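**Student:** Take this structure first; my questions come after.
The values are calculated or read from the model by the stated rules, or taken from the named source; none is laboratory data. What you see is a predicted model; the values in this text were computed from it and never measured. Please note: Cβ atoms are built from the backbone with ideal geometry, for glycine as well, and neighbour counts cover all protein chains shown.
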Amino acid sequence: MRFVLPLLLVAFATVAGAGPYDGRYRPDHPSGDSWDCKTIGKDGGAVLLTSSIFFALGSRCTLRDPVAVSGLDATLYDAVCRGTGDTFQRRIMIMRTANGIAVVQKGAVISLLRRCE
């Protein structure tokens, strides 16, 4: 019995820590077909999203303070990012789409990403 409780706690932490958009993604357009879904953060490699990290080419963002967007299957985050030696903050909204997610960032830049299979 003393081993069961720690195993249950580990299993619960794993499930509780999973984010709604966790996965590997590539661009949702024909040029995305040539992207490598196994390599993360390199040119032509996948974008990795976990409950608290957004890792893309040239940048890695820690996602904080998630807020559900009313009426949409979307979440708004405060992000602290590092890229090319600089640290910066921004708001990022991630929204579920038919094929994956849409990422909306500073300046209304929208990236459509398809889930890697």
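**Student:** When only residues in the range 26-53 that are β-branched (Val, Ile, Thr) and without any contact (Cβ under 8 Å) to a residue 12 or more places away in the chain count, which is farthest from ALA102 (Cα to Cα)?
**Tutor:** We begin by selecting, within the range 26-53, every residue β-branched (Val, Ile, Thr); these are 39-40, 47, 50, 53.
Okay, now just the ones that are also without any contact (Cβ under 8 Å) to a residue 12 or more places away in the chain, so 39, 53.
Working: THR39: 21, ILE53: 16 Å.
Among them, the one singled out is THR39.
**Student:** Can I ask one more? For the structure I just gave you, tell me whether TYR25 is under 18 Å from VAL104 (Cβ atoms), assigned to a loop (DSSP other than H, G, I, E, B) and not charged (D, E, K, R).
**Tutor:** So TYR25 does not fit the description; no.
**Student:** Then there is this: Given (1) touching a Pro at 6+ places or on another chain (Cβ under 6 Å); (2) without any contact (Cβ under 8 Å) to a residue 40 or more places away in the chain, where does THR75 come up short, assuming only one miss?
**Tutor:** (2)
**Student:** Could you tell me whether SER34 is at pLDDT below 95, over 11 Å from the mean Cα position of the chain (by Cα), of a type in the set (Ser, Thr, Tyr) and surrounded by 12 or more Cβ atoms within 10 Å (Cβ to Cβ)?
**Tutor:** no
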